[in-house]
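The values are calculated or read from the model by the stated rules, or taken from the named source; none is laboratory data. Just so you know, these numbers come straight off a predicted model, no measurement behind them. Because the Cβ atoms are built from the backbone with ideal geometry, glycine has one as well, and the counts that use them run over all protein chains shown. Keep in mind that these areas ignore ligands, DNA and RNA; they rest on the heavy atoms of the full protein, side chains included. Shrake-Rupley method; radii C 1.70, N 1.55, O 1.52, S 1.80 Å.
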Amino acid sequence: MPATMMHLYAAHVLNPKGSDSYFLGSILPDCVDAHRELKDHLHFRDVPPESRLQSLIRFGKALDLTRDFDFGALYHFYLDYLWDNGPQKAHRKMHGEENWFPDYRKELHCAGSRTAQRMPWSKELWHRLHKPAPELYANTMDLPEDEIHAFLEFNFHWHTEETLPESEVFTDDLVDSFIRRSCTAFAVFLRDFFPETYKARSATFPPLGGI
């Protein structure tokens, strides 16, 4: 999965004027990080890789995509799907299945910190998301409220105070390119599988190459 800040970056590129509920939806599915089995289940990592996209589509059909939180959450899971099959897969192949994870986490932390430093809107948005009203994160996934608060508290401080160097692997250019391509891919995904949602929301999207 990409860093938390990359999820916010992608959500911001897709709709910079999105609601706080939308931005919360784009990051909070990761609040269950301490519960690996639950997190893997939520992110469709407990299904065969070739079935993951179809599982995501079925999950999306069960969401209320007129709600900003649910829409942001769908983008979260789709971005994870793209990242896991792109940059993460390449990193695993380079380091080997037994040795990839420690370096991956180190580089991902650098990439997340750098993204927060580079985005002029980052601190203001984190201040808005830090202690949200409960109705902003009401969701259909039953995410535990105590873990929502702990996740936001930790990430608020980490993304507004930490200053790590640029990742040698997930460079600024790689992150920027991945986010741009992901926005276009998500718009196509919506158009093909969630046409009503695409029709209702695409007016807020940036120019995406004439799709």
Largest first and in whole Å, what are the equivalent-ellipsoid semi-axes of the chain based on the Cα gyration tensor, each being the root of 5 times an eigenvalue? 23, 21, 19
Output the peptides 132-143, 179-190 sorted from most to least packed, where packing is the average of other Cβ atoms within 10 Å over each peptide's residues. 179-190, 132-143
Using a probe of 1.4 angstrom, how much of the accessible area of the stretch 1-145 is carbon and sulfur, in percent? 55 percent
What residue among Gly60, Gly112, Gly86 shows peak mean-square fluctuation when the chain is described by a Gaussian network model with Cα springs under 10 Å? Gly86
Could you state, as a whole-number percent, how many of the C-alpha pairs of the stretch 46-93 are farther apart than 16 Å? 44 percent
Express in Å², to the nearest 10, the accessible area of Ser55 obtained by rolling a 1.4 Å probe over the protein heavy atoms while all chains stay in place. 10 Å²
Pop a pseudo-label 7 angstrom from the Cα along the beta-carbon direction at both Phe156 and Ser51 and give the gap in nm to one decimal. 4.0 nm
Hey, what's the chain come to in accessible area per residue, 1.4 Å probe, Å²? 49 Å²
What percent of all Cα-Cα pairs in the stretch 54-138 falls into each 5 Å bin, going from 0 up to the bin containing the maximum distance? 3, 11, 14, 16, 18, 18, 14, 6, 1
Which of the lysines could a cross-linker span from Lys199 if the Cα-Cα distance has to be under 30 Å and same-chain partners fewer than 8 positions apart are dropped? Lys17, Lys61
Taking the Cα centre as origin and putting +1 on Lys and Arg beta-carbons and -1 on Asp and Glu beta-carbons, what dipole magnitude results for the chain, to the nearest 20 debye? 740 debye
Restricting to Cα pairs below 8 Å that are 6+ residues apart, what does the relative contact order work out to for the chain? Please round to a whole percent. 31 percent
